[in-house]
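The values are calculated or read from the model by the stated rules, or taken from the named source; none is laboratory data. As the structure is a computational prediction, the values presented were derived from the model and not from experiment. Quick reminder, even Gly has a Cβ in these numbers, built from the backbone with ideal geometry, and neighbours come from all protein chains shown. SASA here: full protein model, heavy atoms, side chains in, ligands and nucleic acids out. Shrake-Rupley method; radii C 1.70, N 1.55, O 1.52, S 1.80 Å.
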Amino acid sequence: MGFPKGRRRLVMAVAAVLAVAVVALVVHRVLAPAEVSTVARGEYPAAAQPAAGVIGRLPAAPLIVDARLRVYAAHRQVYADRPVTGRYRTSPFWSYRRWPAELIGVVASGRTVVSRWSDGQVVALDASTGRVRWRAGGPAPAEGGAVPRRTGAATVWDPRGLYLTDLADGRTVLVVTGDSQARGVELADGRELWRVDLPGPCRSDVGTTVSGQLIGLDTCAGPATVEFRDAATGAVRERWRPPGGPDQLVVTPLGCRAGRSDCPGLRTSGPGDADGRGWLLGTGEPIPASALDPTGATLAGEQAVAVRDGVAVGRSARTGAELWRFGGLGPARVLAVQAGRVHLLTEANELVTLDPVTGAQLSRFTLNVGSDGTGWAPGAVAATDGYVAVERLREPVDPDGDDQRYYLTAEALILAAT
């Protein structure tokens, strides 16, 4: 015996409403913006003091934070593992995930890790716990740019539009830029210091200086001009062109602390020029530094370092006077610099680390792990806290190839202590 016809219709209607409600709830849970923070449960690790040599290989580019953690970027997640000397990537120490926003940049200073997202949000995390310290709205990220590859190196080692710089009073400023706006935020608490409008894609970022300025390249009207914007106030302090420089400028920051942040020098050149002109940065106009003119020369503290004919030469960046020589390298190049270290890479993929002040060798070893060998080309590289991490690319390098063709192995990153 069934339900009467009218009651059956009522039951069917109620069931349909409940089904729609369930579907709506599921859709909301799946599609609604979400944030998942998994904080650390263990203790913050002590800084390691490893012996010089290869530590291990990793599938993702590590951002070394506070000499204690490795921080990584995923499509919609920033996470950390420990110890910093781990041979392989381990289970996350902490993790922060947002959806549907995409992670587009990460920088760190001390125990603060800052993430920037495709919806403009900027979120600062405590490195020791993974807890959110503060959130701030930022300008919309610039359009275009290269699509990040699977290692996330561009996101953690060279995040465009996300920079740090230290002020003379000891504060650290986070500068966030897009095509149409820039903002300065105090790193300690996320307080906005300033915001200014930008002219659009005809102006591009170069980086920040060690003296607390944002460097931009303005090509909007007339010859390309370099602008220096005060990171404390947002005001443009200098607009400068290298004397006799070409109308179209290529500006490359030199000696930066990390990525394009806190850079003490730069090189200007024309498109396609083999050499350019080197400059030291301070509070006024850039100062000529001829020791930085050659392509491949870089700045390590107060020293300009370049390799010519198998010999590394250190010179005073201010006077050009030769300070030291280190030979026996064969074909080699300057790979990276960090405080108190300049890293050279030989043709055989030996990593040679020198003291930039004296030229004394600090360490020398082959960048090889397991049975991978040394038949690879270096890709992106980062150096900080005594560590060097290098992407290993398959030879011959195919910049347009997919990730499987582009990288040497699935664990493409090699990490070393120097």
How about the stretch 221-274: which of its residues are more than 26 Å from VAL334 (Cα to Cα), basic (Lys, Arg) and surrounded by 19 or more Cβ atoms within 10 Å (Cβ to Cβ)?
-> ARG229
Could you list all residues from the stretch 148-169 that are farther than 17 Å from GLN121 by Cα and in contact with a helix residue (DSSP H, G or I) (Cβ under 9 Å, 6 or more places away or on another chain)?
-> PRO148, ARG149, ARG150, THR151
Within 22 Å of VAL388 (Cβ to Cβ), open to solvent by 20 Å² or more (accessible area, probe 1.4 Å) and among the charged types (D, E, K, R) - does that describe any residue in the stretch 74-83?
-> yes
Is there a residue in the stretch 333-340 that is in contact (Cβ under 8 Å) with a residue 60 or more places away in the chain, closer than 16 Å to ALA306 by Cβ and open to solvent by less than 30 Å² (accessible area, probe 1.4 Å)?
-> yes
Considering each of VAL156, VAL123, VAL147 in turn, give the residue that is part of a strand (DSSP E or B) and either open to solvent by 40 Å² or more (accessible area, probe 1.4 Å) or modelled with pLDDT of 95 or more (or both).
-> VAL123
Got a sec? Which of VAL236, VAL196 is free of Cβ contacts under 8 Å to residues at least 24 places away in the same chain and aliphatic (A, V, I, L, M)?
-> VAL236
Is the stretch 336-346 home to any residue that is part of a strand (DSSP E or B), on the phi < 0 side of the Ramachandran plot, modelled with pLDDT of 95 or more and more than 23 Å from the chain's Cα centre (by Cα)?
-> yes
Of the conditions (1) in a loop (DSSP other than H, G, I, E, B); (2) within 27 Å of SER115 (Cβ to Cβ); (3) open to solvent by less than 30 Å² (accessible area, probe 1.4 Å); (4) at pLDDT 95 or above, GLY216 fails just one. Which one is it?
-> (1)
Qualifying position, being in a strand (DSSP E or B), in contact with a strand residue (DSSP E or B) (Cβ under 7 Å, 6 or more places away or on another chain), at negative phi and at pLDDT 95 or above, among ARG135, ARG89 = ARG135
Filter result for ARG277 (open to solvent by 70 Å² or more (accessible area, probe 1.4 Å), over 29 Å from VAL113 (Cα atoms) and touching a Ser or Thr at 6+ places or on another chain (Cβ under 8 Å)) = yes
Unique residue being assigned to a loop (DSSP other than H, G, I, E, B) and open to solvent by less than 10 Å² (accessible area, probe 1.4 Å) when the list is VAL388, VAL369, VAL352 | VAL369
Can you tell me which residue within the stretch 295-328, out of those that are β-branched (Val, Ile, Thr) and in a strand (DSSP E or B), is least open to solvent (accessible area, probe 1.4 Å)?
-> VAL305
Determine which member of the set GLY222, GLY234, GLY190, GLY245 is assigned to a loop (DSSP other than H, G, I, E, B), at pLDDT below 95 and on the phi > 0 side of the Ramachandran plot.
-> GLY222
